[in-house]
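These notes are about the structure you will find just below.
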Amino acid sequence: MTDTYYIAKQKPELVEFGTQYYFTAEGRGAPESEQFAAAVQSLYQRAYAARKTAAARFTVGKLEGLWWAKDNDRSPRDEWNWKLLIRMPEAFAGTEPMDEGQVLQMLHIGPFATEPETLEQMYAYMSQHGLAHNGKHHEVYLTDLRRTPPDRTRTILRQPVKRV
């Protein structure tokens with residue numbers, strides 16, 4: 001069976017993944033901050049250490065992030081809250097289960113500065129289909145942000161939704 005968790009189209013689509021398990025790290029501040037970089041490094045160290053000790057081999061998941069702020073898009077970047085995630089097999093101690101329910105997702109290709117254009121398409125879909133936000137903004141980073149030019153980055157944007 002193909003794992004569709006890391007697959008998204010360049011148009012809004014509703015999907016549901018059920019309960020997933022993650023190593024997590026939480027913080028506050030801009031994604032360029034030292035705290036954010038340290039959290040990313042720590043998560044990957046934990047995931048690769050777990051992989052070495054696992055009875056069965058597995059692929060370490062992509063970096064993901066949940067993002068929220070007091071004033072949403074208008075908050076300064078240093079006031080952003082985040083929870084970084086790396087998806088893990090269910091069996092690992094220390095993982096956090098999360099079930100977002102139904103999510104609206106869309107593949108964004110390009111720099112983070114152009115994400116609002118993709119989000120507007122998602123919000124229009126939500127409005128047209130009677131959906132409302134039902135959780136924190138979720139991003140799945142498909143490309144290595146340290147090695148990929150901004151215009152070639154690929155990010156799945158997810159928004160948990162509910163019917164209104």
Out of all the residues in the range 105-120, which are surrounded by fewer than 16 Cβ atoms within 10 Å (Cβ to Cβ) and either within 18 Å of Lys83 (Cα to Cα) or in contact with a Pro (Cβ under 6 Å, 6 or more places away or on another chain) (or both)?
Pro111, Phe112
Does Arg146 meet the test of being in a strand (DSSP E or B) and out of contact with any Pro (no Cβ under 9 Å at 6 or more places or on another chain)?
no
Can you find, within the range 20-61, the residue that is surrounded by the fewest Cβ atoms within 10 Å (Cβ to Cβ) among those that are basic (Lys, Arg) and not in a loop (DSSP other than H, G, I, E, B)?
Lys52
Determine, yes or no, whether Glu64 is surrounded by 14 or more Cβ atoms within 10 Å (Cβ to Cβ), within 16 Å of Pro31 (Cα to Cα), touching a residue at least 60 places away in the same chain (Cβ under 8 Å) and of a type in the set (D, E, K, R).
yes
If Glu117 satisfies all but one of (1) charged (D, E, K, R); (2) in contact with a Gly (Cβ under 6 Å, 6 or more places away or on another chain); (3) not in a loop (DSSP other than H, G, I, E, B), what's the number of the condition it fails?
(2)
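Read-outs: derived from the displayed coordinates by stated rules, not from any lab. Remember, predicted model here, so these are calculated numbers, not experimental data. Because the Cβ atoms are built from the backbone with ideal geometry, glycine has one as well, and the counts that use them run over all protein chains shown.
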